[in-house]
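Participant: What follows is a structure written as structure tokens; I'll ask about it next.
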Amino acid sequence: MTDLSTFYMGLPVPSPIVAASSGLTGNLAQIRELEMYGAGAIVLKSLFEEEIVVELDRRLNKLHSENYLYPETIGFYENDDVEDTLTNYLKLIFDAKKAVDIPVIASINCVTSQNWPSFAKYFQEAGADGLELNVFLLPSDLSVPGQDYESAALDIVRNVMKEVTIPVNVKISPYFSGLGNMLRQLSESGLQGITLFNRFFDPDFDMEHWKLFPGRFIAVRTTI
């Protein structure tokens, strides 16, 4: 067969086909299958800090409804939920590394800037070959200049790279006023790659029935 081996994020890969972060890369069976069908690397389904926050809120609300809320209980559930969610993701990294021979790249999206470096260190210690920073800063505040969003994204990248030695890639959105300049700054930060672009939920409206529903995906199945 033709030799398709190349490099991704500086990592040697057997083919240039990289399985992107998605539902397909969130469990061990499908990760093995992706390797079998020729994927050169796997980017695990992103761990979103919001998942931890939502689960914590759900459990605390349940305790409120049961009139069983004490200060020590809150502390227990906060620690338990964070460890639970994070431990499951670290286990996926560890198990995936044992199950496949191709690079396994962890992916993280945080809502609080201080947690990016700490999560990155955990992923490296679990055995991840690389790290994808799923950076999404929606410029929705009209009082904040665009440069502040760019600076925040650059700070995330720099702070993470101080804490890890594995290759780091950043996946960004197109919502920058000076996209070309932003890409140049990111490329000069020492990153090993930039992924374009984040794929977001795209809503549409059914005006006849007054309903909100998912819009079309970029790739759709059509019949000719």
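The values are calculated or read from the model by the stated rules, or taken from the named source; none is laboratory data. The structure presented is a predicted model; accordingly, all values stated were derived computationally and were not measured. We place every Cβ from the backbone using ideal geometry, glycine too, and count neighbours over all the protein chains shown. These accessible areas exclude ligands, DNA and RNA; they are computed on the full protein's heavy atoms, side chains included. Shrake-Rupley method; radii C 1.70, N 1.55, O 1.52, S 1.80 Å.
Participant: Considering only the stretch 31-48, how many residues are out of contact with any strand residue (DSSP E or B) (no Cβ under 9 Å at 6 or more places or on another chain) and either open to solvent by 60 Å² or more (accessible area, probe 1.4 Å) or in a strand (DSSP E or B) (or both)?
Facilitator: Within the stretch 31-48, the subset out of contact with any strand residue (DSSP E or B) (no Cβ under 9 Å at 6 or more places or on another chain) is 32-33, 36-38.
After this cut, where a residue has to be either open to solvent by 60 Å² or more (accessible area, probe 1.4 Å) or in a strand (DSSP E or B) (or both) as well, the list is 32-33, 36-37.
So the answer is 4.
Participant: Out of the residues in the stretch 128-167 that are hydrophobic (A, V, I, L, M, F, W, C) and part of a helix (DSSP H, G or I), which is nearest to Phe197 (Cα to Cα)? Write out each step before concluding.
Facilitator: Taking the stretch 128-167 first, the residues hydrophobic (A, V, I, L, M, F, W, C) are 128, 131, 133, 135-138, 142, 144, 152-154, 156-157, 160-161, 164, 166.
If we keep only those that are part of a helix (DSSP H, G or I) as well, we get 152-154, 156-157, 160-161.
Working: Ala152: 18, Ala153: 14, Leu154: 16, Ile156: 17, Val157: 16, Val160: 20, Met161: 21 Å.
Per the criteria, the residue is Ala153.
Participant: Looking at Ser107 and the list (1) of a type in the set (S, T, N, Q); (2) open to solvent by 20 Å² or more (accessible area, probe 1.4 Å); (3) closer than 17 Å to Leu24 by Cα, which single condition is not satisfied?
Facilitator: Failed condition: (2).
Participant: In the stretch 132-188, how many residues are open to solvent by less than 30 Å² (accessible area, probe 1.4 Å), over 19 Å from Ser107 (Cα atoms) and of a type in the set (Gly, Ala, Ser)?
Facilitator: Residues flagged as open to solvent by less than 30 Å² (accessible area, probe 1.4 Å), over 19 Å from Ser107 (Cα atoms) and of a type in the set (Gly, Ala, Ser) within the stretch 132-188 amount to 1.
Participant: Looking only at residues in the stretch 101-120 that are more than 12 Å from Val168 (Cβ to Cβ) and outside any loop (DSSP other than H, G, I, E, B), which one is nearest to the chain's Cα centre (by Cα)? Before you say what the answer is, go through the steps one by one.
Facilitator: Here is the first cut: in the stretch 101-120, the residues more than 12 Å from Val168 (Cβ to Cβ) are 101-104, 109-115, 118-119.
Narrowing the set further to residues that are outside any loop (DSSP other than H, G, I, E, B) leaves 104, 109, 115, 118-119.
Details: Val104: 13, Asn109: 5, Asn115: 13, Ser118: 14, Phe119: 11 Å.
Looking at the filtered set, the residue picked out is Asn109.
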